[in-house]
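The structure under discussion appears below in the form of structure tokens.
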Amino acid sequence: MSVPRFWREIPQRYNLIGKKCTQCGQIYFPPRDVCPKCRRESIGKMEDYKLKGTAKIFTYTIIHIAPTEFVKQQPYIMAIVELDEGPRLTAQLVDIEPENVKIGIRVKAVFRKIKEDGSKGVIYYGYKFKPIS
Ligand SMILES: [Zn+2]
């Protein structure tokens with residue numbers, strides 16, 4: 001992902017702002033401009049929607065061999081989490097050992113460093129999920 005695109009998306013990433021279709025009530029994250037169910041009917045009816053950030057683990061994978069930029073974090077856990085509002089998204093799980101991860105565990109979004117680009121000194125941040133204790 002290019003840096004300009006990343007920074008453009010920062011407010012959404014930081015605040016977990018999705019979109020709600022006021023036509024059918026469906027909530028989307030990442031945000032969409034048009035509801036795929038309502039299509040034309042939803043144009044102009046998509047409202048910003050702040051997600052609570054609470055979710056449950058829908059499925060997960062433990063990554064033992066990480067891409068170079070993530071080597072310091074391996075092994076790490078990538079999960080698809082299902083937000084309480086319905087949307088599913090892919091995110092890294094933190095603050096949990098791989099052997100303790102189970103489908104259905106309650107998690108919440110936290111804002112963490114995602115990676116460092118050593119050559120450019122750029123640090124990327126985004127949401128990860130950790131268990132609700
Ligand atoms: Zn809709």
Within straight-line cross-link reach of LYS128, aspartates and glutamates at Cα separation under 16 Å, skipping those fewer than 8 residues along the same chain: GLU9, GLU82, ASP84, ASP95, GLU97, GLU116
Neighbourhood charge, 12 Å Cβ-Cβ cut-off, centred on PRO131 and excluding it, Lys, Arg +1 and Asp, Glu -1: +4
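How do TYR124, TYR60 line up, fewest other C-beta atoms within 10 Å first?
Fewest to most other Cβ atoms nearby, the residues stand as TYR124, TYR60.
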Gain on full stretching of the segment that runs from MET78 to ILE132 - 0.36 nm per residue minus C-alpha separation: 17.8 nm
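All of the numbers you see were taken from the coordinates with simple rules; none came from a lab. A quick note: this is a predicted structure, and the numbers were derived from the prediction, not measured. Neighbour counts run over all protein chains shown; Cβ positions are idealised from the backbone, glycine included.
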